[in-house]
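Worksheet: one structure, shown below.
The values are calculated or read from the model by the stated rules, or taken from the named source; none is laboratory data. Please read all numbers here as calculations on a predicted model, not as lab measurements. Because the Cβ atoms are built from the backbone with ideal geometry, glycine has one as well, and the counts that use them run over all protein chains shown.
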Amino acid sequence: MTGWLIFIAVLLVLIVLFQVTRTLDLVSQLRGDDDSQLEQTSRMQAIALFIFMALGVIGFFWSFRHFAPTNVDVASEHGELIENMFIATLVVTSIVFVLCNVLLFTFVLMYRYKKGREAVHFAHSNKLEFFWTVVPTIVLTGLVVFGLQAWTRIMGPPEEDAVIFEMTGQQFFWTSRYPGADGKLGPRDYSLICAENPLGIVTREYVEHRINTLKGNAELGVEGEIAALENRKSELPGLIAALEDKIAKRPNRYMKDQLQEELDALEDEMDEIDDHILRRNQTLDRITKKYTEDYYMANAEALTWGYDDFLPSELHLPVNHEAIAKITAMDVLHNFYVPHMKVKMDAVPGMPTSFKFTPTITTEEMKQILSQNPAWQRVREGDTDPVWMSFKYEVACAELCGLGHSAMKYTMVVESEDEYNTWAESQIPYWNGIASSLKISGFSKAAPVLKTAEPEAPAATDTTATVIAAQ
Ligand SMILES: [Cu+2]
């Protein structure tokens, strides 16, 4: 409120000053006494402008201090680099900003109109040209070199033992994946994306399974999605006709409305079913054309990488250990952003990006740091503990990606190397969870060979059939 009052007061003062100068101008014009009046208004304007500049510069520094976040510790090595670069840029630009403004307004004041004073005119000055070319060149080169260094440290080749993880953005959640013991992420193929393989991880067994579930396999008792859809398509006209008949015979208004809704749903299904069949056929076509014996021969090794990949529900990273983030998206643009680490990268569909960073503060250490911060000492309503106790590093989506954008959060835990190893070893490879439900025939009836810390793969319930029926 006071802010607004000050603003309005300043505005009124400016309007008054403007009106006064205008009146003086008009008066001097009427008097025909140009020079002395002009000198006077020039002086007034110059002084007013100088005050404006002084207030502006003071306000600039005040607002910077006032609104700057307090006690935000940068929790990664590469974030520190970005932070330093930001501060260096800010220092340079602040110096230039203050210097330019002070000079500009001082000159307005010093060289304002005075009777008999003439401006110096020169067409060319080598000294001046040299000065204003060389100084910015040196400063900007410095900033660019600084930036390039940071760029190579963030984007350059990773250390050999770096922890790799992959983040896939999707409306409106993240899916993370770790490469497992082999340190290599299995290849992905969008044609294989399915409810039970959300990332489309490629293994020979899964390809076989996907072909079976699309095409059907009498030997395994799998009907096949395409055949199921064709069946449904042949059923629909009969169902629709029967419903129409029912509606015609029912005089009851309420029942009629209900039946009409059912009929609408069936008609919608009828409209869409050809499209579904076409898409399934295209997928089947793509898969069978790509995954030939030649392909399996040429990619034998890569096709084993996906066996021990695991998809945890939160990210874990060891402290003071380089991490590589591989970022991708499945639908629209997203952005992988960890504010505390000052790391950020666009997630672009069809264009995997990656960068490295080294966390330097564990989640527990960060909690201790935040416990000293008044903003984190408050207790939320209905809670007994202060908010710092439930602190977790947050991964956010920093690209407006649709209605659920703000819900696109993920958790990152930074811990000691030992804690990280224990966690990683306890993770169950993704395929272990669903292997027993895969419908596979031909070259291998067995589930994929799985490298795992667990002695036995946990038995998965046979969800494949219901998952597919539900699609
Ligand atoms: Cu998003």
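Take the conditions (1) under 22 Å from residue 430 (Cβ atoms); (2) free of Cβ contacts under 8 Å to residues at least 40 places away in the same chain; (3) not assigned by TED's automatic domain parsing to the domain that holds residue 273; residue 170 misses just one of them, which is (2). In the set (1) more than 16 Å from the ligand (Cβ to nearest atom); (2) not in a helix (DSSP H, G or I), residue 337 fails one condition alone, (1).
Taking the listed residues 309, 331, the one that is away from the ligand (no atom under 16 Å from the Cβ) and more than 28 Å from residue 150 (Cβ to Cβ) is 309, with no other qualifying. Count of the stretch 173-187 residues, restricted to those that are touching a residue at least 24 places away in the same chain (Cβ under 8 Å) and more than 16 Å from the ligand (Cβ to nearest atom), is 10.
Looking at the stretch 7-47 only, could you name the residues that are among the small types (Gly, Ala, Ser), assigned by TED's automatic domain parsing to the domain that holds residue 101 and surrounded by fewer than 15 Cβ atoms within 10 Å (Cβ to Cβ)? Please lay out each step first, then the result.
Let us first name the residues in the stretch 7-47 that are among the small types (Gly, Ala, Ser), namely 9, 28, 32, 36, 42, 46.
The next check asks that each one be assigned by TED's automatic domain parsing to the domain that holds residue 101; those that pass are 28, 32, 36, 42, 46.
Matches in the stretch 7-47: 32, 36.
Criterion applied to 102, 120 was being surrounded by fewer than 16 Cβ atoms within 10 Å (Cβ to Cβ), at pLDDT below 85, out of contact with any Gly (no Cβ under 9 Å at 6 or more places or on another chain) and not aromatic (Phe, Trp, Tyr), and the one residue passing it is 120.
If you take the residues of the stretch 396-420 that are touching a Pro at 6+ places or on another chain (Cβ under 9 Å) and closer than 19 Å to residue 177 by Cα, which of them is farthest from the ligand (Cβ to nearest atom)? Looking at residues that are touching a Pro at 6+ places or on another chain (Cβ under 9 Å) and closer than 19 Å to residue 177 by Cα, I get 417. The C-beta contact set for the stretch 387-415 (first residue in the same structural domain as residue 370 (by TED's automatic domain parsing) and among the small types (Gly, Ala, Ser), second residue within 8 Å of the ligand (Cβ to nearest atom) and in a strand (DSSP E or B), distance under 8 angstrom, 6+ apart or interchain) comprises 398/335. State whether the residues of the stretch 353-374 include one that is loosely packed, with under 13 Cβ neighbours inside 10 Å, touching a residue at least 24 places away in the same chain (Cβ under 8 Å) and away from the ligand (no atom under 16 Å from the Cβ). Checked against the condition, which is being loosely packed, with under 13 Cβ neighbours inside 10 Å, touching a residue at least 24 places away in the same chain (Cβ under 8 Å) and away from the ligand (no atom under 16 Å from the Cβ), the stretch 353-374 yields at least one hit.
May I ask you to say which residue of 421, 320 is in a helix (DSSP H, G or I), surrounded by fewer than 16 Cβ atoms within 10 Å (Cβ to Cβ) and of a type outside the set (D, E, K, R)? Spell out the reasoning first.
Details: 320 fails: in a helix (DSSP H, G or I).
Matching residue, one of 421, 320: 421.
The test for being within 16 Å of the ligand (Cβ to nearest atom) and either in a loop (DSSP other than H, G, I, E, B) or at pLDDT below 90 (or both) does not hold for residue 346.
Being under 18 Å from residue 270 (Cβ atoms) and in contact (Cβ under 8 Å) with a residue 60 or more places away in the chain narrows it down to one of 242, 228, so name that one.
Details: 242 fails: in contact (Cβ under 8 Å) with a residue 60 or more places away in the chain.
The conditions single out 228.
Condition test on residue 354, is it within 27 Å of residue 174 (Cβ to Cβ) and outside any strand (DSSP E or B)? So residue 354 fails the test. Listed conditions (1) under 30 Å from residue 168 (Cβ atoms); (2) in a helix (DSSP H, G or I); (3) free of Cβ contacts under 8 Å to residues at least 24 places away in the same chain are all met by residue 208, apart from (3).
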